[in-house]
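For reference, the structure discussed in these notes is given below.
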Amino acid sequence: MESRPTPCTPALKFRELPESELDRALDLAYLAFHEKPEAELRAHHKELLRGCTRVGAYDGDALVGTVSALPFTLSVPGGELPCPGVTFACVAPTHRRRGALSGMLAELFARCAAQDWPIAALWASEAVIYGRFGFGEGTRGVTVEIDSARPLALRIAPDDRPLRLLSPADAPAQLAAFYDRTRAGRPGRIARSRAWWAEEWMAEKDEEDASFSPPRVVALGGPGEPLAGYAIYRTKREDDAPGLVRLDDLEAETPAAAAALWQYAASVDLTAKVRAWGRPVDDPLLLFAADRDQVRVTAGFPALWLRLLDVRTALLRRSYAAPVDLVLDVHDAHLPVNSGPHRLSCSPRGVAYEPTHDPADLSLAVRDLAACYLGGTSPTALVRAGLATEHTPGAAETLTAALRTDHAPHTVDGF
Ligand SMILES: CC(=O)SCCNC(=O)CCNC(=O)[C@H](O)C(C)(C)COP(=O)(O)OP(=O)(O)OC[C@H]1O[C@@H](n2cnc3c(N)ncnc32)[C@H](O)[C@@H]1OP(=O)(O)O
């Protein structure tokens, strides 16, 4: 079960971090993350922070911690929700383990509640940190590597429409509508503003490894035709080693379109490997690749951590794959308003989630409900793992059927 809230050291105060302190906040973040960014990147981070909801931890006047939230929208089953993207969480090395992060998150959660934001999400620097605050693994990713020293063997015929390279400057305008359409079909995707496309996807220099080429964008479908898919990648070529294609994003409207784009990535001259980080766990490539020794999953990891800040609103604002009528007893140590037995019912008449005195059919922690929310984890698996308690036989199976999604939830936008 989730741990109890961490008591905060009384000496620390938590309040809004004003714009005038953005430079102090960045200095603190670079100290905590061991980074020394160039002026251009620092300016970009400052601009991002300017658009955030920000909380600081103060020891007297000294800023000793920050946490911020970007104003995102996340696709959820059947729709989308406003979803603050929690980022730049850091505490001065002199003030760690004194409840600074706990206090800042409590303040941030209160600010999210005031703005009627029902969920929040983050990427964790260390997986162990955020479960205690009620975050669960909302989406997962896998790293896929293709041995492209030989032609990619496929079990399906690739789409034979023409491929064309787009300039990074023009690409967002051409990709955005296509991305938005595919985003609606997969929970866990973040809406990309024009600025996000330009700065996070099309930046000339890779933020983490400057030895990569600028982004290359290849689209399937001739000029004037509707787009059938796209891939964004960067390459790296070292003197003695075979070159690498790092595939950052690939979206396609059909399996054949995806096959054409994977085949393209695996045939870039002077390269012998494709590495695609953060692919969906149910990427069709893993099925239509003819040789799974050639296409291998080399890592799997939690991607987006999700927090249900307002369980009721979150459950009312997603769709359900099957009828359900169950009493859920959710435990939430940090936001008690979410705790206690509630009846979740979904029928052709609509969805309801209301407090009840009826006995619970299923008990679980809010972090585990968050893991199930986008369809990535099933309540039956939670029961099998000893993380949820089934009081009524079959309750977990009923909830699993209701929360099921056609596609595994997936997030590739880091923040
Ligand atoms: C969303 C993001 O931005 S992810 C990036 C997170 N930031 C970083 O990794 C930068 C470097 N690290 C830091 O700045 C800090 O150590 C933080 C932000 C991770 C934690 O801040 P702190 O103020 O020390 O956390 P706080 O004192 O509130 O700890 C709350 C609980 O989490 C636990 N905890 C905090 N960090 C960690 C960790 N890295 N590993 C294990 N447990 C942790 C604490 O032990 C504590 O539990 P306890 O009271 O039961 O012992």
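Rule-based calculations on the coordinates, nothing more; no lab input. Predicted, not measured: the structure shown is a model, and the values here were computed from it. Note that each Cβ is placed from the backbone with ideal geometry, even for glycine, and that neighbours are counted across all protein chains shown.
Taking Cβ atoms as reference points and 9 Å as the exclusive limit, the residues near P172 contribute a net charge of +1, counting Lys and Arg as +1 and Asp and Glu as -1. By the Stokes-Einstein formula, at 1.567 mPa s and 4 °C, region 77-193 with its Kirkwood radius over alpha-carbon pairs has D equal to 69 µm²/s. Multiplying the residue separation of I129 and S319 by 0.36 nm and removing their Cα-Cα distance gives an extension gain of 65.4 nm.
Backbone phi angles across region 26-37, fed through the Karplus curve with coefficients 6.51, -1.76 and 1.60 (θ = phi - 60°), yield HN-Hα couplings of 5, 4, 5, 5, 5, 5, 5, 9, 6, 10, 9, x Hz in residue order; Gly and Pro are listed as x.
Per residue Cα convex hull volume for the chain, in cubic angstrom? Write down the numbers at each step before the final one.
Values: hull volume 66.0 nm³, N = 415.
Output value, Cα hull per residue: 159 Å³.
The label point for E225 and the one for A62, both projected 7 Å from the Cα toward the Cβ, are 6.3 nm apart. Suppose R0 equals 30 Å. What FRET efficiency, 1/(1 + (r/R0)^6) with r the Cβ-Cβ distance, do H407 and E207 give to the nearest 0.05? It comes out at approximately 0.60. Residues within the reach of a label modelled at A381 (point 7 angstrom out along Cα to beta-carbon, backbone nitrogen below 12 Å), restricted to region 276-309, are 281-282, 301-303.
For region 281-382, the spherically averaged projection of the C-alpha convex hull amounts to 8.5 nm².
Once you sort the root eigenvalues of the Cα gyration tensor of region 236-307 as a ≥ b ≥ c, which label holds: rounded (a/c under 1.5), prolate (a/b larger than b/c) or oblate (the other case)?
Details: a/c = 1.84, a/b = 1.29, b/c = 1.42.
Oblate, since a/c reaches 1.5 and b/c is not below a/b.
Using mean Cβ contacts within 10 Å as the protection proxy, how do 179-192, 383-396 order, highest first?
Details: 179-192: 19.4, 383-396: 15.1.
For the peptides 179-192, 383-396, the packing ranking is 179-192, 383-396.
A Förster radius of 45 Å, combined with the Cβ-Cβ distance separating E40 from D180, puts the computed FRET efficiency at roughly 0.95.
Computed log10 I(q)/I(0) for region 1-120 at 0.11, 0.14, 0.19, 0.24 Å⁻¹: -0.39, -0.61, -1.04, -1.39, from the Debye equation with unit scatterers placed on every C-alpha and solvent omitted.
A simple count of charges around F33, restricted to other residues whose Cβ falls under 14 Å of its Cβ and scoring Lys, Arg +1 and Asp, Glu -1, yields -2. Region 42-111 and region 263-325 have Cα centres separated by 27 Å.
Here the Gaussian network model covers the chain, with springs between Cα atoms less than 10 Å apart; of E80, E145, E38, E38 fluctuates the most. With contacts taken as Cα pairs under 8 Å and at least 6 residues apart, region 318-403 reaches a relative contact order of 31 percent.
If I take R0 = 25 Å and measure r between the Cβ atoms of L286 and A169 in this structure, what FRET efficiency does the formula 1/(1 + (r/R0)^6) give, to the nearest 0.05?
Details: r = 33 Å, r/R0 = 1.34.
Taking R0 as 25 Å, the efficiency between L286 and A169 is 0.15.
How much length is gained on full extension from H357 to R96, taking 0.36 nm per residue of separation minus their Cα-Cα distance? Please list the in-between numbers first.
Working: separation 261, 0.36 × 261 = 93.96 nm, distance 4.20 nm.
Between H357 and R96, full extension yields an extra 89.8 nm.
Comparing mean-square fluctuations of T298, T66, T313 from a GNM of the chain with C-alpha springs under 10 Å, the top value falls on T298.
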